[in-house]
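The values are calculated or read from the model by the stated rules, or taken from the named source; none is laboratory data. Keep in mind that what you see is a predicted model, and the values were worked out from it rather than measured. Neighbour counts run over all protein chains shown; Cβ positions are idealised from the backbone, glycine included.
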Amino acid sequence: MVFAAIMGTKIIAPNIWGWIADHTGKRMRIVRIASILSLLSFVGIFISQEYYILLWIMIVFSFFWNANLPQFEAVTLSHLGKDTHKYSSIRLWGSLGFVVLVTILGGTFEYYSVDLLPMVIVFLLAGIWVFSLLVPDHPVHHVEKASISFKKKLFTPEVMIFFLICFLLQASHGPYYAFYSIYLEQNEYPRSLIGQLWALGVIAEIFIFIIMHKLLPKFGAAALLIVCLVLTALRWFLIAYYVDSFSIILFAQCLHAASFGIFHAVAIHQIHRYFPGKLQGRGQALYSSLSFGAGGAFGALYSGWVWEGYGATWAYNVAGIIGIAALLCSLLYKHLCVRQNHLESN
């Protein structure tokens, strides 16, 4: 419930911050303010860990934390200008940081208490705030026509089906993000190996980020979306039925390159295309709220209920079925993209 509440704040918070950013044009100022407030609110975890108090501390923390990523994505894409296909070459550094952290902490928690984790998070939050002071803002050029509104962009069939895919894809990750470590530990995987498996998934993600700037122009967003959703559904079914096979679990972790790496790079690229200029902040915020927010919250809730009622295998089966639903939507999305391109060419 706490995890779902954290994800649930992403439904509302990014859109509030996105609206402020688009109307003020001060994206990095918002990132700096949100970073320091995230740090201060998270420190409340040391005051009390009673359930309801902890729940509210995490909701407040998440409200400010969720201002950061969508606006920083918008700043990054603004700095890239016409080279937005190179976004993944910058995003891979976040993945690299994740690999380093889980590798170190996986081994550390073999010998020391997990109670160290909150202090590590405080240190990282402080670092984010300090380095946010060094990143320059980028002016937003209002190049689009005044007649193009955010709602007009949003309520087109192509964009709506795309956001539905984002929701379903993230929802399918529910058992993975909420219970993957617990699942492996229940099946007698040591904590250090679990940390290394998380790291492997992100290493695969880094690899795909390195080459995405070549894949996107060559194959197109819609085709890559179909491929990544086929591999995503396959990943959840493999984890469901072959947890006892270390080699298959290794392979399934490598598929994180598709289920997150390809998808996220394609999504950021498409959101930037659908919501240019002064619409960027709200576009990125809506992507965050509908996928990581609504999709993540739904994923956490259904996976918890299914896990408790029917077991881990069925939780990952449901994830696979949701992945297939997203795949079917992606086929419709490709058709809409082809039709739209044909209309624009004429």
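Anything in segment 68-93 that is of a type in the set (Val, Ile, Thr) and modelled with pLDDT of 80 or more? List them, or say none.
Passing the criteria: Val75, Thr76, Ile90.
Within segment 255-265, which residues are at pLDDT below 95, more than 15 Å from Pro70 (Cα to Cα) and hydrophobic (A, V, I, L, M, F, W, C)? Matches in segment 255-265: Ala257, Ala258, Phe260, Ile262, Phe263.
Considering segment 1-44 alone, what residues qualify as being crowded, with 23+ Cβ neighbours inside 10 Å and touching an Asp or Glu at 6+ places or on another chain (Cβ under 7 Å)? Arg27 - this is the single residue of segment 1-44 that is crowded, with 23+ Cβ neighbours inside 10 Å and touching an Asp or Glu at 6+ places or on another chain (Cβ under 7 Å). Consider segment 17-41 and keep the residues that are touching a Phe, Trp or Tyr at 6+ places or on another chain (Cβ under 7 Å) and without any contact (Cβ under 8 Å) to a residue 60 or more places away in the chain. The one that is nearest to Leu279 (Cα to Cα) is Ile30.
For the criterion of being of a type outside the set (D, E, K, R), at pLDDT below 90 and buried (at least 17 other Cβ atoms within 10 Å of the Cβ), Gly283 passes.
A Cβ distance below 8 Å, combined with a sequence gap of six or more or placement on separate chains, defines the contacts here; from segment 45-58, residues that are free of Cβ contacts under 8 Å to residues at least 12 places away in the same chain reach residues that are outside any helix (DSSP H, G or I) in the pairs Ile53/Ile47.
Could you please let me know if Leu117 is within 28 Å of Ser192 (Cα to Cα), surrounded by fewer than 20 Cβ atoms within 10 Å (Cβ to Cβ) and under 21 Å from the mean Cα position of the chain (by Cα)? For Leu117, the condition - within 28 Å of Ser192 (Cα to Cα), surrounded by fewer than 20 Cβ atoms within 10 Å (Cβ to Cβ) and under 21 Å from the mean Cα position of the chain (by Cα) - is not met.
Where helices (runs of 4 or more DSSP H) fall entirely within segment 241-346, those with at least 1 residues that are under 14 Å from the mean Cα position of the chain (by Cα) are at 263-274, 280-287, 296-310. Residues being touching a residue at least 24 places away in the same chain (Cβ under 8 Å) and in contact with an Asp or Glu (Cβ under 6 Å, 6 or more places away or on another chain) are represented in segment 244-257 by at least one member.
Of the residues making up segment 72-101, those that are more than 19 Å from Leu279 (Cα to Cα), hydrophobic (A, V, I, L, M, F, W, C) and surrounded by 16 or more Cβ atoms within 10 Å (Cβ to Cβ) are Leu92, Phe98, Val99, Leu101.
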